[in-house]
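Report on the following structure.
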Amino acid sequence: MNIVSKKLFDHMVYLRRQIHKYPELGYREVKTAAIIKEELNKLGIEQTTGIGGTGVIGEICSSHDREPIVALRADMDAIAIHEETGLEFASQVDGVMHACGHDGHVAMLLGAASLLKESLKTGSVLLVFQPAEEGGGGAKKIMDSNLLEKAGAIFACHLDRHYAVGKAVVQEGPISAFTDRFDITVKGKGGHVAQPHDTVDAIVVASLIIMALQTIVSREIDPLHPSIVSVGKIEGGSVPNAVAASARLSGTIRTTEKHVREQIKSGVRRIAVAAGSLHNAEVTVEIIEGYPSVINTIEESKVARKAVINLFGDQALVDTKFVSMGGEDFSYYLEKIPGCLVRIGAQKKGFENVPAHSSLFDFDENAMGVGAGFLSEVAKLAIERLSKK
């Protein structure tokens, strides 16, 4: 799709592959930030660096008024996964890879920066290169800097392997889940398996808790509200012929409604403590709140849809009402700034069934031209709308 020039597209591919070869985990994106700074300098774009340690914000100002201001965001961090794609530009860092497309997000925003530098007629655009989206909450660091306090809107793209290149998903309202975590500790009484009557088996109690937790979603939550309670880790015991004195469970809670979120957190505590009481074990529950739900605002979603239609036509919009049960810290921006996160089709032939966060993940690089064009167009449309308010 000829949304950007071949020269710009080829440069975006080069940048993406350089970033992909040398991935960095959250708050360690030093090389990635250096590439961004170099590219912004080449374009003559002023920047603020070191935000949250490695974050970079560039600013493109038109020749007219600085305001209205619109922000565009790209996340920079990779994931602790050992790459097994066999790509010629595969990760050179053992145990770390870009398995979610953030390398493409950075390249897309740099591509959009090039387009906006030549075409922005009024207002300003903040180019937000954010650290640590993958669990580190880097968006909060950006918001705490107050560098976005005058932004009237914010937009972002996320590459999505579920959809073909040239397709885009623009939804208003909730589009992702709250991502909370729980840790449950069971303290029993250890001893020899030959004298079980003298013990309190922490593993038995932990097993009871695991099974009982499954009834929260299946029997306590309205099935019209998507919800997940899942135990992903269990530790307990040390030898096969001893009753375990302690066990530890860790898991996740995914919800899309605030009242359901509170209902499930309460249910996890109630069930775990009750199971402990039933078997004379001491049970403690810690719930760690994760990212809020991403809730796209109505007017900014309309602007995003218009940008997609302007570039690709009505047929590019994918009509879906489903909420992803994944998490995204773009939600922290939307708590203060109206905005919209858009999913850009990036399905690659042969990789259709490979999920994100997989050691085999890759995407169709043609999607980066689509993303760059969209980000440029949506920024200008949003500035136009804000100018009329």
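The values are calculated or read from the model by the stated rules, or taken from the named source; none is laboratory data. What you see is a predicted model, and the numbers here were worked out from it, not measured in a lab. So basically every Cβ, Gly included, is an ideal-geometry build from the backbone, and we count neighbours across all protein chains shown.
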Practice problem: Scan the stretch 228-270 for residues that are within 14 Å of PHE182 (Cβ to Cβ) and of a type in the set (Ser, Thr, Tyr) and jot them down. | Solution: SER230, SER250, THR252, THR255, SER266
Quiz item: Inside the stretch 129-148, can you point out the residues that are more than 19 Å from the chain's Cα centre (by Cα) and either free of Cβ contacts under 8 Å to residues at least 24 places away in the same chain or in a helix (DSSP H, G or I) (or both)?
Solution: ASN146
Exercise. Check GLY251 against each of (1) of a type outside the set (Val, Ile, Thr); (2) under 22 Å from the mean Cα position of the chain (by Cα); (3) on the phi > 0 side of the Ramachandran plot and name the one condition it does not meet.
Key: (3)
Quiz item: Out of (1) within 23 Å of ALA382 (Cα to Cα); (2) over 15 Å from the mean Cα position of the chain (by Cα), the odd one out for ILE288 is which?
Solution: (1)
Quiz prompt | Any chance ALA168 is touching a residue at least 40 places away in the same chain (Cβ under 8 Å) and under 18 Å from the mean Cα position of the chain (by Cα) | solution = yes
Quiz prompt | Top-ranked residue in the stretch 335-351 [being touching a strand residue (DSSP E or B) at 6+ places or on another chain (Cβ under 6 Å) and surrounded by fewer than 23 Cβ atoms within 10 Å (Cβ to Cβ); ranked as nearest to VAL308 (Cα to Cα)] | solution = ARG343
Practice problem: Check the stretch 224-243 and report whether any residue there is in a helix (DSSP H, G or I) and within 22 Å of the chain's Cα centre (by Cα). | Solution: no
Exercise. Report, ordered by the first and then the second residue, all pairs with beta carbons closer than 8 Å, sequence separation of six or more or different chains, a first member in the stretch 297-321 that is under 16 Å from GLU384 (Cβ atoms) and of a type in the set (A, V, I, L, M), and a second member that is crowded, with 16+ Cβ neighbours inside 10 Å and modelled with pLDDT under 95.
Key: LEU311/ILE3
